[in-house]
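Participant: Attaching a single structure in structure tokens format; questions to follow.
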Amino acid sequence: MTAALKSTKNLTAYDGGGGASTPNAETGKVTLDVDSHYFAIPVAEDGTVMSIHILTDGTIAGTFTIETSNFPKYRGDAGGAGGTDVSDYNETVGNWVTEDDSNAYIATVGTGWTVTNMSMAKTAGAGAAMIHLGNLGSLRVRLKAAITTGGDVRVVAYGKV
């Protein structure tokens, strides 16, 4: 059975304690403070390719990385009756693995981006990055935003089966 196409709009960010930064209804952006924030990226069951679009304002600075996990979000059934196994914002070493593929393709526009493999450092200046992931094999994906200067960001993901 083939899973449906996954497309999201204006993802919510969570800090390490589970506090949510919800997108502004008009702009789609979330305001992030100095901390680590996590955007859970939906993955199609049989998805093989995905892209993640990051749009930043002129003030935000930090490092954006892709992390993956094969551990389920919930124990037992998918509805969570068994409790949480590994949350989208879990910071326990080993539950999420930072991806660092030297063959990754990440396009950027605007100012302040420095891309090294799959790590994107962002200094002040408005711009955007588009991360392309192929042959995706992990159960779960998240974008980690380690923010050093607060500001606004919009994150949208799209995947194909």
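The values are calculated or read from the model by the stated rules, or taken from the named source; none is laboratory data. On a predicted model such as this, the values are computed, not experimentally measured, just so you know. FYI the Cβ positions are ideal-geometry reconstructions off the backbone, even for glycines, and counts take in every protein chain you see.
Participant: Conditions first: (1) within 20 Å of S21 (Cα to Cα); (2) assigned to a loop (DSSP other than H, G, I, E, B). F71 passes all but one, so which condition is the exception?
Facilitator: Of everything listed in (1) within 20 Å of S21 (Cα to Cα); (2) assigned to a loop (DSSP other than H, G, I, E, B), F71 misses just condition (1).
Participant: Got a number for residues in the range 47-65 being modelled with pLDDT under 95 and in contact with a Leu (Cβ under 8 Å, 6 or more places away or on another chain)?
Facilitator: Qualifying residue count, the range 47-65: 6.
Participant: Report, by residue number, each residue of the range 21-68 that is part of a strand (DSSP E or B) and among the hydroxyl-bearing types (S, T, Y).
Facilitator: Step one: list which residues in the range 21-68 are part of a strand (DSSP E or B), which gives 21, 30-32, 36-41, 49-56, 61-68.
Listed by number, the residues that qualify are S21, T31, S36, Y38, S51, T56, T63, T65, T68.
Participant: If you don't mind, there's one more thing I want to ask. Taking the stated definitions as given, is T108 over 12 Å from F64 (Cα atoms), of a type outside the set (F, W, Y), in a strand (DSSP E or B) and in contact with a strand residue (DSSP E or B) (Cβ under 6 Å, 6 or more places away or on another chain)?
Facilitator: Here the answer is yes, as T108 does meet what is asked.
Participant: Which residue, of T123, T116, is within 21 Å of T56 (Cα to Cα), exposed (fewer than 13 other Cβ atoms within 10 Å of the Cβ) and modelled with pLDDT under 95?
Facilitator: Numbers: T123 fails: exposed (fewer than 13 other Cβ atoms within 10 Å of the Cβ).
Step by step, each of T123, T116 is checked, and only T116 is within 21 Å of T56 (Cα to Cα), exposed (fewer than 13 other Cβ atoms within 10 Å of the Cβ) and modelled with pLDDT under 95.
Participant: When the residues of the range 1-46 are narrowed to those that are over 17 Å from A146 (Cβ atoms), under 17 Å from the mean Cα position of the chain (by Cα) and aliphatic (A, V, I, L, M), which ends up modelled with the highest pLDDT?
Facilitator: Filtering the range 1-46 for residues that are over 17 Å from A146 (Cβ atoms), under 17 Å from the mean Cα position of the chain (by Cα) and aliphatic (A, V, I, L, M), the one modelled with the highest pLDDT comes out as A20.
Participant: Oh, and also: Of everything in the range 129-147 that's assigned to a strand (DSSP E or B) and either more than 14 Å from the chain's Cα centre (by Cα) or not aliphatic (A, V, I, L, M) (or both), which residue is nearest to I52 (Cα to Cα)? Let's see the steps before the verdict.
Facilitator: Quick first cut of the range 129-147, residues assigned to a strand (DSSP E or B) only: 129-134, 140-147.
Still in the list and also either more than 14 Å from the chain's Cα centre (by Cα) or not aliphatic (A, V, I, L, M) (or both): 132, 134, 140, 142, 144.
On the way: H132: 7, G134: 12, R140: 14, R142: 10, K144: 12 Å.
In this case the residue turns out to be H132.
Participant: May I pose another question? Restricting the search to the range 51-102, which residues are touching a strand residue (DSSP E or B) at 6+ places or on another chain (Cβ under 8 Å), free of Cβ contacts under 8 Å to residues at least 60 places away in the same chain and within 18 Å of A157 (Cβ to Cβ)?
Facilitator: Across the range 51-102, the qualifying residues are W96, T98, E99.
Participant: Let me ask something else about it. Please identify the pairs in which a residue from the range 129-147 that is under 20 Å from P72 (Cβ atoms) has its Cβ atom under 6 Å from the Cβ atom of a residue that is assigned to a strand (DSSP E or B) and of a type in the set (G, A, S), counting only partners at least 6 apart or on another chain.
Facilitator: Every condition considered, the pairs that remain are R140/S69; R142/A40.
Participant: Another one. What number of residues within the range 115-128 are assigned to a strand (DSSP E or B), among the hydroxyl-bearing types (S, T, Y) and within 27 Å of N24 (Cα to Cα)?
Facilitator: Initially, the range 115-128 is screened for residues assigned to a strand (DSSP E or B), giving 115-116, 119-122, 127-128.
Narrowing the set further to residues that are among the hydroxyl-bearing types (S, T, Y) leaves 116, 119.
Still in the list and also within 27 Å of N24 (Cα to Cα): 119.
Counting residues in the range 115-128 that are assigned to a strand (DSSP E or B), among the hydroxyl-bearing types (S, T, Y) and within 27 Å of N24 (Cα to Cα) gives 1.
Participant: Determine whether V156 is over 23 Å from S21 (Cα atoms) and either in contact with a Phe, Trp or Tyr (Cβ under 8 Å, 6 or more places away or on another chain) or part of a strand (DSSP E or B) (or both).
Facilitator: On the way: over 23 Å from S21 (Cα atoms): no; either in contact with a Phe, Trp or Tyr (Cβ under 8 Å, 6 or more places away or on another chain) or part of a strand (DSSP E or B) (or both): yes.
When the stated conditions are applied, V156 does not pass them.
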